[in-house]
1. When the chain is treated as a GNM, springs tying every alpha-carbon pair under 10 Å, which of 52, 229, 28 comes out with the largest mean-square fluctuation?
2. Expressed as an acute angle from 0 to 90° and rounded to the nearest 10, what is the orientation of the C-alpha long axis of helix 45-54 relative to the principal long axis of the chain?
3. Any idea what % of Cα-Cα pairs in the range 1-51 are farther than 16 Å?
4. Convert 25 °C to kelvin, take the viscosity as 0.890 mPa s, use the Kirkwood radius over C-alpha pairs of the range 154-281 as Rh, and evaluate the Stokes-Einstein diffusion coefficient in µm²/s, rounded to a whole number.
5. So if I take the centroid of the Cα atoms in the range 111-134 and the same for the range 81-105, what is the distance between those two points in Å?
6. Please state, rounded to one decimal and in Å, the Kirkwood hydrodynamic radius that the chain gives when every pair of distinct Cα atoms enters the mean of 1/r.
7. For the chain, take the longest principal axis of its alpha carbons; what is the angle in degrees between that and the long axis of helix 66-77, to the nearest 10 within 0 to 90?
8. Under 1.5 on a/c is rounded, so check that first for the range 70-130, then, if it is not, pick prolate when a/b is larger than b/c and oblate when it is not; a ≥ b ≥ c are the square roots of the alpha carbon gyration tensor eigenvalues.
C-alpha cells in the first residue's frame with residue numbers, strides 16, 4: 001500500500017516521468033467545433049497545433065467530469081493508503097470542482113486530498129513530481145500533502161509568448177490585458193501569481209525574450225535555491241534545446257526537465273511558446 005498521486009493532463013509531465021513516478025492522469029477535453037478530444041489521448045500535440053494554426057474553428061477546452069475522476073479514484077483506492085490529487089489553478093479551470101464533486105460522491109474509506117497548485121503546465125507538474133517522489137520513498141499521506149502544499153509557492157514561471165492573441169481569444173488573459181494595446185511586435189513574458197496570469201516583462205524580439213529567460217534562470221541559480229528546473233516548448237523545440245544547452249554549465253543538463261506544452265495551455269497561448277519554470281526559493 002502506498003500514497004497514489006493524481007493530476008490532470010494540463011500538467012504536461014513528460015510521459016517517461018509519469019511512468020517512472022506512477023502518476024495517474026485525468027485528461028481535460030479539447031474541442032474544435034463539434035470534434036471533441038481527450039487531451040493527449042485522442043489528439044496528439046502535433047495534430048493539435050496543426051489544427052490550431054490552420055483550422056478556421058478556434059478551439060476551446062473544458063474540464064474533466066466528476067465521473068472521469070470517480071473512475072480513477074475508485075481504481076486507485078483499491079490499493080492505496082491515500083490519494084493526493086493535484087490540479088491546475090482554479091482561476092483558470094473548473095477541474096478542481098469536478099475533483100471535489102467526485103470525492104463527495106465516492107463511497108470509499110481511502111482518504112483523498114485535493115490540492116490547487118495555483119499553476120499550470122510543468123509548474124503544476126513540478127508539484128506533482130515532488131509529491132510522487134516522496135510517495136515512492138515511503139512518505140505518509142500527511143507527509144506527501146505537507147510537501148505538496150509547501151511546493152506550491154516555490155513555483156516560479158517565466159513564459160515567452162509570440163503573441164497575446166490566443167490568450168485574449170480564450171478569455172484567460174487576466175492582468176496581462178493591460179499589455180494588449182501596446183504589444184504590436186513586442187514579445188510578452190508572462191508569469192503566474194496566485195493562480196492568475198500576470199505580466200512580468202516584454203522583449204522587442206523572440207531572441208531577446210529568450211535572453212531574459214536565461215538571465216532569470218542564471219540569477220536564480222546564483223542567488224537563490226533551485227530544487228528543480230524545467231524548460232518547455234510547444235513548436236520551438238530548437239530554441240528550448242539551445243536554452244537548455246546554454247544553462248547547462250550552471251545547472252546539470254541531465255537534471256533539466258524538458259517537455260512539450262500540450263493543447264490545454266496551447267489553446268490559450270498559441271504556437272511558438274517557450275517556458276522556463278523553477279521550483280525553489282528565489283531572492284527578490
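Readers should treat all values here as calculations from the given coordinates under stated rules, not as data from a laboratory. If you're wondering where the values come from, they're calculated on a predicted model, not measured in any experiment. Cβ coordinates were reconstructed from backbone atoms using ideal geometry, including for glycine residues, and neighbour counts include every protein chain displayed.
1. It is 52.
2. In the chain, helix 45-54 runs at an angle near 50 degrees to the longest axis.
3. Details: 584 of 1275 pairs.
Distances greater than 16 Å cover 46 percent of the Cα pairs.
4. On the way: Rh = 14.7 Å.
Reported coefficient: 167 µm²/s.
5. Cα centres, the range 111-134 to the range 81-105: 11 Å.
6. Numbers: mean 1/r = 0.0523 Å⁻¹.
It works out to 19.1 Å.
7. It works out to around 60 degrees.
8. Values: a/c = 2.76, a/b = 1.54, b/c = 1.79.
The shape class here is oblate.
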